[in-house]
Amino acid sequence: MPAAAARSGPSRRRDRDPEGRARNARPRDGLGRPLPYGQEGVERQPEGVVRTPDESLDEAQQLLDDGMPFHAHEVLEDAWKTAPEAEAPLWKGLAQLAVGITHLARGNTTGGARLLLRGTANIDPYRSSAPHGIDVAGLADWARTTAGEANGPAGTGSSGTGSSGTGGTGMGAADTRGAAERPPAAPRLRAGTARPR
């Protein structure tokens, strides 16, 4: 038996969804981290759902307000994949902000701050003409402040490498470092929306 096969343990068939696409069926916790098979997890958002921009923003905002930024990222990633070409970087940036919040909540301050700044770079070009009432200026300011706080003296709890260089939203590997288990206060995706009490 080759050494690589011996290290990986018994072969496991790849999980597939009803359409036959590869999809990891492992349960996940509220921050999207994989749990052992058989353990009860938090249901993920369905993938590939086409929503209007308003529906995407409303659903993502509710998930952020509920402390579920990983799930908000899934909604925003669907919006990114179905957005008109001119808006795709905006939706990608919003998804990256949600991933950054997820990493911060998991205790990965370095990776979280990097993703917040990467998301900000993607949304900033829309600052002067933000579609769908998205508060680009407020989100960019919030992300820069939050990233700075995460990297400051009080935010040096993790020296993780984050998810640099992937170009995606950065949710590949599970982060198991000492998580805060609570994301930062949810930013407002649209101007004029009240924060829940």
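The values are calculated or read from the model by the stated rules, or taken from the named source; none is laboratory data. These numbers were taken from a predicted model, which means no experiment stands behind them. As a convention, Cβ positions derive from the backbone with ideal geometry for all residues, glycine included, and neighbour counts pool all protein chains shown. Please note that ligands, DNA and RNA were not included when accessible areas were found on the heavy atoms of the full protein model with its side chains. Shrake-Rupley method; radii C 1.70, N 1.55, O 1.52, S 1.80 Å.
Based on a Kirkwood Rh over C-alpha pairs, give the Stokes-Einstein translational diffusion coefficient of the range 54-155 at 25 °C and viscosity 0.890 mPa s in µm²/s. The calculation lands on 184 µm²/s.
Excluding ASN151 itself, what net charge comes from residues whose Cβ is under 12 Å from its Cβ, given Lys and Arg +1 and Asp and Glu -1? Net charge around ASN151: +1. Taking label positions 7 Å along the Cα-Cβ direction at both ARG44 and GLU19, the computed distance is 1.4 nm, reported to one decimal. Taken one residue at a time, the phi angles of the range 49-59 give Karplus couplings (6.51, -1.76, 1.60, θ = phi - 60°) of 7, 8, 10, 6, x, 4, 4, 4, 5, 5, 5 Hz. Gly and Pro are set to x. Listed values for the range 126-132 are Karplus-derived 3J(HN,Hα) couplings in whole Hz (6.51 cos²θ - 1.76 cosθ + 1.60, θ = phi - 60°), namely 9, 4, 7, 8, 6, x, 6, and x replaces Gly and Pro.
For the set TYR126, TYR37, the ranking by accessible area, highest first and with no ligand, DNA or RNA atoms included, is TYR37, TYR126 under a 1.4 Å probe. Putting +1 on Lys and Arg Cβ atoms and -1 on Asp and Glu Cβ atoms, find which of PRO84, HIS132, GLY111 reaches farthest to the positive end of the dipole of the range 67-140. So the residue furthest toward the plus end is GLY111. HIS132 sits among other residues whose Cβ lies under 11 Å from its own Cβ, and their net charge, with Lys and Arg +1 and Asp and Glu -1, is -4.
Near ASP135, the amide H atoms lying under 5 Å from its own belong to ARG190, ALA191; only residues 5 or more places off or on other chains count, and H is placed 1.01 Å from N.
Highest mean first, the peptides 142-151, 42-51 sorted by other C-beta atoms within 10 Å per residue fall in the order 142-151, 42-51. Protection proxy ranking of 112-118, 58-64, 26-32, by the mean of other Cβ atoms within 10 Å over each peptide's residues and highest first, is 112-118, 58-64, 26-32.
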